[in-house]
Amino acid sequence: MNRVAVIALLALCPFAVAQAPQLHSGSTVFIEPMDGYETYLAAAIMKKHVPVIVVTDKEKADFVITSTVSHKENSQPGVVINNRVSANTGSNNGNNDAWNKGWDSGSGYAAQRAALGHTIASISVVDAKTSQIVFAHSAGSFHANQVQKTAEDCAKRLKDFIDKSEKPKK
């Protein structure tokens, strides 16, 4: 009698274990509104050929994409002061000039980045039925089209994730 019970339990075990939701090609996704970022993300999904179907009805979606965006406006670049000793005075052997030049160019790059501002965005793809997060990614940009760049980065990573999960295992 005990053997029959054990065999019955073992036979039913696969049904008792919940399978993790799988994001795959052809899945329908709804993008939650986020102060206009959802438009950039939808456009990036199309541009990067992410193999999902974006729907406008949340009830028809297999997955919901939520996002957060932080954007810091540009600031005035700071003044970079160069305090290096002139090689003409003889008090500097010239070796520090290369170091200072590298430091100055780094400071200039930092000032350029500050002048552009920056955007940080993150997305989460959540199973609509189980509320389980199946994918998450965060991106940052200091470029001119910051919001678009972060959306495209998120879309590219989502595409890579789907492509990788669908490759046959060797």
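The values are calculated or read from the model by the stated rules, or taken from the named source; none is laboratory data. All values derive from a computational prediction rather than experimental measurement. Cβ: placed from backbone, ideal geometry, glycine included. Neighbour counts: every protein chain shown.
Considering every residue within the range 98-118, establish whether at least one is modelled with pLDDT of 85 or more and closer than 17 Å to Thr68 by Cβ. No, the range 98-118 contains no residue that is modelled with pLDDT of 85 or more and closer than 17 Å to Thr68 by Cβ.
Beta carbons closer than 8 Å, at least 6 apart along the sequence or on distinct chains, pair a first residue in the range 47-71 that is modelled with pLDDT under 95 with a second that is part of a loop (DSSP other than H, G, I, E, B) for Ser67/Glu32; Ser67/Met34; Thr68/Met34; Val69/Met34; Val69/Asp35; His71/Gly117. Taken as a whole, the structure leaves Ser131 outside the set of residues that are of a type in the set (Gly, Ala, Ser), modelled with pLDDT of 90 or more, in a strand (DSSP E or B) and within 30 Å of Glu32 (Cβ to Cβ).
If you go through the range 45-69, how many residues are closer than 15 Å to His24 by Cα and under 19 Å from the mean Cα position of the chain (by Cα)?
Quick first cut of the range 45-69, residues closer than 15 Å to His24 by Cα only: 45, 49-54, 61-65.
After this cut, where a residue has to be under 19 Å from the mean Cα position of the chain (by Cα) as well, the list is 45, 49-52, 54, 63-65.
Final tally of qualifying residues: 9.
What are the residues in the range 1-46 that are surrounded by fewer than 17 Cβ atoms within 10 Å (Cβ to Cβ), among the hydrophobic types (A, V, I, L, M, F, W, C) and at pLDDT 95 or above, if any? Across the range 1-46, the qualifying residues are Ala43, Met46.
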